[in-house]
1. Modelling each spin label as a point 7 Å along the Cα-to-Cβ direction, I'd like the Lys409/Arg367 distance in nm, to one decimal.
2. Could you name the aspartates and glutamates in cross-link range of Lys293, using Cα to Cα under 20 Å and dropping any fewer than eight places away on the same chain?
3. Report the FRET efficiency, 1/(1 + (r/R0)^6), for Lys90 and Tyr214, where r is their Cβ-Cβ distance and R0 is 35 Å, rounded to 0.05.
4. Can you list the lysines whose alpha carbon sits under 18 Å from that of Lys370, skipping same-chain ones fewer than 8 residues off?
5. Only loop residues by DSSP count here, and only those with at most 15 other Cβ atoms within 10 Å; note down the trypsin sites (Lys or Arg not before Pro) in region 143-183 that meet that.
6. What fraction of the Cα pairs in the chain, stated in percent, has a spacing above 36 angstrom?
7. Counting other C-beta atoms within 10 Å, and keeping those with at most 16, which DSSP coil trypsin sites (Lys or Arg not before Pro) do you find in region 223-314?
8. Could you list the square roots of 5 times each eigenvalue of the Cα gyration tensor of region 29-163, that is, the equivalent ellipsoid semi-axes, sorted largest first and rounded to whole Å?
Amino acid sequence: MTATNNNNQQSTENTEQQAPVLFNTEPTDCGHLLGIMTLNMPKSLNALSVEMCQLLSQQLDEWQSDEQVVALVLKGAGDKAFCAGGDIRKLYDSMSETAPMPNPYATEFFGNEYSLYRQMHFYPKPIILWGDGIIMGGGMGLMAACSHRLVTERTRFAMPEVTIGLFPDASGSWFLQRMPAKTGLFLGLTGAMCNGNDAILSNLAEYAVASSDYDAIIQRLKQSDWQAAANSPDKCHNNSAHSIVSRALAAQPVAELPASKLATYWHPIGQLMNSGGLGDIDELLQSDEALSKLDADFAADSWTQRAVATYRAGCPVTVALTYALYHKVTDLSLEQVLYLEANVAVHCAANPDFKEGVRALLIDKDRNPKWSRSLAECLSAEGQAYIHQHFVNPYAKGEHPLGDWLGDKALGSQCVR
């Protein structure tokens with residue numbers, strides 16, 4: 001009997017460990033709960049799938065209505081990555097020449113992902129990101145949506161969609177716009193890999209901690225005086241859950257992180273991004289000599305050289321879309337940006353470059369994509385019409401998965417009433 005119970009317990013534990021997202025709670029010293037969410041696909045660097053988005057969304061709903069749960073922590077399993085992007089293999093398989101437009105699986109994939117980001121952005125309880133390791137693409141969307149973000153000496157983040165023919169989605173159009181001195185446009189065009197200090201400079205993180213500090217931080221949160229938390233939607237209140245989390249995280253010793261490349265090179269990056277239109281920027285990025293004249297140290301840095309090499313090998317349609325979106329979303333709300341990104345993403349799933357980029361990088365792994373257009377072709381009248389067609393709603397009236405967000409159901413409009 002005991003052996004059977006032990007076997008059943010082990011079977012349950014094994015099943016739980018195989019779940020793509022793990023959920024558990026930690027009791028605080030004063031009788032409340034911290035909710036812990038762990039992306040549990042370490043072999044794929046915790047790449048985000050439809051199922052994972054759905055599981056996260058459901059758990060967020062449950063914990064939102066649970067008064068015992070005072071704050072949430074989001075982290076990734078393993079020691080390599082928080083989340084290295086979206087799980088696009090099934091999406092690739094759905095992008096056949098006979099697939100309908102809009103592609104049903106692309107609608108499901110991007111609709112669930114973007115809905116999760118929106119839910120997290122407007123979530124009333126603190127969501128604390130443990131941003132250790134690699135963070136890219138969809139992981140960046142999760143990062144941007146959390147209220148309190150911790151980064152470590154191992155944090156590496158990027159929006160490398162230029163390598164696969166997509167575009168910096170996952171709310172990238174929204175958070176790249178909010179980085180200082182047009183550094184966000186540079187990161188979107190080049191897919192440059194950045195560090196924890198870059199994340200803090202870019203408004204993507206607030207706290208620099210050591211990768212060994214996780215347990216200590218959880219302990220600080222558990223020891224906080226949650227009894228003092230006022231049940232108020234005002235996140236600025238001194239006794240709000242958000243303020244309590246901020247005080248706990250600020251008490252953790254600040255770790256020394258690698259120097260920020262964006263801080264070092266913000267001036268030449270700004271000059272580059274403000275040199276004219278996209279054609280002018282491209283002319284500089286394509287010329288080692290021109291970059292050296294702009295700033296010799298910037299041009300000689302291996303970080304810059306890797307970013308420039310990625311740009312030169314990248315998808316011209318992605319470059320044109322990234323540039324157009326960056327300037328199009330200036331005055332749009334988060335929900336409007338995600339609605340627009342959903343249009344662009346579904347068009348990308350129907351057009352050739354995204355599938356070709358995934359093939360070259362992840363399927364055949366020959367790293368030799370054949371892009372459909374050059375940048376010069378993208379900048380022609382016909383090319384610009386093609387680029388801007390990506391913004392058009394591809395759904396029949398009333399069928400857009402995020403269509404309600406633009407009317408009375410927009411959470412952003414409810415927050416300012």
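Since every read-out is calculated from the coordinates, none of them should be taken as a lab result. Note that this is a predicted model, so its numbers are computed, not measured. Note that we place each Cβ from the backbone using ideal geometry, even for glycine, and neighbour counts take in every protein chain shown.
1. 4.5
2. Answer for Lys293, where 20 Å is the Cα cut-off: Asp280, Asp282, Glu283, Asp301, listed by chain and number.
3. 0.65
4. Lys355
5. Counting only loop positions with at most 15 other Cβ atoms within 10 Å, the trypsin sites (Lys or Arg not before Pro) in region 143-183 are Arg178.
6. 27
7. Lys235
8. They are 27, 19, 12 Å, listed largest first.
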